[in-house]
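Peer 1: First the structure, then my questions, so here it is.
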Amino acid sequence: MSAIDATALLREAELRVTRPRVAVLAMVADNPHSDTDTIATAVRRDLGSVSTQAVYDVLRALTEAGLVRRIEPAGSPARFETRVGDHHHHLVCRACGAVTDVSSAVGEAACLDVQDSWGFDLDEAEVTFWGRCPACLARDE
């Protein structure tokens, strides 16, 4: 994602455009499923000095604005992606921690159509598939 695209998305979301926000949004778009430390390291390479707290603050603002989605696979730090607005799930490798998107059925999200919602108005479901990625399987052969 270019800085121009990130700037446009921030403006559409009515967020103030700052260099850290542009850098974080572009980094997450280009490197989906990155954790905060990875994002902070990349942003520092681009901008120089940026505190880890500033990166956390930017990620929170982007998540609240709906520009970024936060996922939290069990046993892993939070990860971030810009694939928002659709209903998809994730595959996580138990060996190396790699995360891959899995598109769910097109149209209505079947996993939100539960027999009893216990009075909840369901708007999201997170499904995580666990296994071993092809690279880890090949390494162990």
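Peer 1: Output the residue which, of all residues in region 71-100 that are charged (D, E, K, R) and either modelled with pLDDT of 90 or more or touching a Leu at 6+ places or on another chain (Cβ under 7 Å) (or both), is nearest to Gly131 (Cα to Cα).
Peer 2: Arg94
Peer 1: So, one more: I'm told Glu64 meets every condition in (1) within 12 Å of Phe80 (Cα to Cα); (2) under 13 Å from the mean Cα position of the chain (by Cα) except one. Can you identify the failing condition by its number?
Peer 2: Failed condition: (1).
Peer 1: Select from region 119-137 the residues that are outside any loop (DSSP other than H, G, I, E, B) and of a type in the set (A, V, I, L, M) and list them in ascending order.
Peer 2: Residues satisfying the conditions are Ala135, Leu137.
Peer 1: Pairs, please: C-beta under 7 Å, at least 6 apart or cross-chain, first residue closer than 15 Å to Glu14 by Cα and in region 48-70, second surrounded by 14 or more Cβ atoms within 10 Å (Cβ to Cβ) and among the aromatic types (Phe, Trp, Tyr)?
Peer 2: Here the result reads Val68/Phe80, each pair linking region 48-70 to a residue that is surrounded by 14 or more Cβ atoms within 10 Å (Cβ to Cβ) and among the aromatic types (Phe, Trp, Tyr).
Peer 1: Give just the number: which of (1) under 23 Å from Ala125 (Cβ atoms); (2) of a type in the set (A, V, I, L, M, F, W, C); (3) crowded, with 17+ Cβ neighbours inside 10 Å does Ala78 not satisfy?
Peer 2: (3)
Peer 1: Pick from Val43, Val92: which is assigned by TED's automatic domain parsing to the domain that holds Cys133, out of contact with any Lys or Arg (no Cβ under 8 Å at 6 or more places or on another chain) and touching a residue at least 12 places away in the same chain (Cβ under 8 Å)?
Peer 2: None of the others qualify; the one that does is Val92.
Peer 1: How many of the residues in region 6-18 are without any contact (Cβ under 8 Å) to a residue 24 or more places away in the chain and either within 25 Å of Pro77 (Cα to Cα) or in a helix (DSSP H, G or I) (or both)?
Peer 2: Of the residues in that region, 5 qualify.
Peer 1: List the number of the failed condition for Ser49; all other conditions in (1) surrounded by 11 or more Cβ atoms within 10 Å (Cβ to Cβ); (2) modelled with pLDDT under 90 hold.
Peer 2: Of everything listed in (1) surrounded by 11 or more Cβ atoms within 10 Å (Cβ to Cβ); (2) modelled with pLDDT under 90, Ser49 misses just condition (1).
The values are calculated or read from the model by the stated rules, or taken from the named source; none is laboratory data. None of the values given here were measured: they were computed from a predicted structure. FYI the Cβ positions are ideal-geometry reconstructions off the backbone, even for glycines, and counts take in every protein chain you see.
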